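Undergrad: For reference, the structure I am asking about is given below.
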Amino acid sequence: MLELCSNIRDFLSKMKEIVQELASALRRRRESAVRDAAEGYLNSRKRLTKLVRKEKNGGTNPDAAGSDSSSVVTMLRGVEEINLEVFQAILCYISQQGRLQPVSGWSMWIVVLLQAKPCGHSECQDDGNEMKKVDSEVLALRSSKDLNFSQARVVLKGLERVESNLKEIEEEMECIYRRQVKARVSLLNCLSRC
């Protein structure tokens, strides 16, 4: 779990970096710089999406552990399942993938928090996903013959929203990571005393 959390933090950091690079190019308003930055953004997003999908497919299975029925182990498995659902939702947000499973329980709350305009229903679609919107806007900006500065402003505003979302998620992931480290230390201390 600690490794998965660390990988997600790395993904968020890379994502934030490419968003900032494109935003910087848009503020400078040089057509060649914007086109190069947009191309770099789209290429980086493709590479990052591949890495995220690889991480999602290679994730850990909470049922893979032994079948000890003590209450502590049962509680730890429940916590691990919740963490995996949270991490799955974050990875779906980053990689622009739709949900692979129906949204319910903790996953529903995470999806609602990550939506640009949360609707509060389990039938929320990924149409409101900021990442998809910004990616399509950047693609349109890169594909246009002449640089349209009103279009560039729209992309810049979208990038600012995405950067804000990424910052919030990054802060929460940092908190989760610290708590996981503390829990791991506590468990190791308990095991060493026995």
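The values are calculated or read from the model by the stated rules, or taken from the named source; none is laboratory data. Source: prediction; values computed, not measured. Note: ideal-geometry Cβ built from the backbone for every residue, glycine included; neighbour counts use all protein chains shown.
Undergrad: Let me spell it out: the conditions are (1) charged (D, E, K, R); (2) part of a loop (DSSP other than H, G, I, E, B); (3) at pLDDT 80 or above, and Asp68 meets all of them except one. Which number is the exception?
TA: (3)
Undergrad: Looking only at the stretch 141-166, which residues are surrounded by fewer than 13 Cβ atoms within 10 Å (Cβ to Cβ) and closer than 30 Å to Leu4 by Cβ?
TA: Passing the criteria: only Ser164.
Undergrad: Which of the residues that make up the stretch 1-32 are of a type in the set (Gly, Ala, Ser) and buried (at least 16 other Cβ atoms within 10 Å of the Cβ)?
TA: Ala23, Ala25, listed by residue number.
Undergrad: Among (1) on the phi < 0 side of the Ramachandran plot; (2) of a type outside the set (Ser, Thr, Tyr); (3) at pLDDT 50 or above, where does Gly105 come up short?
TA: Tallying (1) on the phi < 0 side of the Ramachandran plot; (2) of a type outside the set (Ser, Thr, Tyr); (3) at pLDDT 50 or above, Gly105 fails exactly one: (1).
Undergrad: Right, another one. Looking at the stretch 28-42, can you tell me whether even one residue there is under 23 Å from Ala89 (Cα atoms), modelled with pLDDT of 80 or more and not aromatic (Phe, Trp, Tyr)?
TA: Yes: the stretch 28-42 contains one or more residues that are under 23 Å from Ala89 (Cα atoms), modelled with pLDDT of 80 or more and not aromatic (Phe, Trp, Tyr).
Undergrad: Within the stretch 149-163, does at least one residue satisfy the condition of being aliphatic (A, V, I, L, M) and at pLDDT below 80?
TA: No: the stretch 149-163 contains no residue that is aliphatic (A, V, I, L, M) and at pLDDT below 80.
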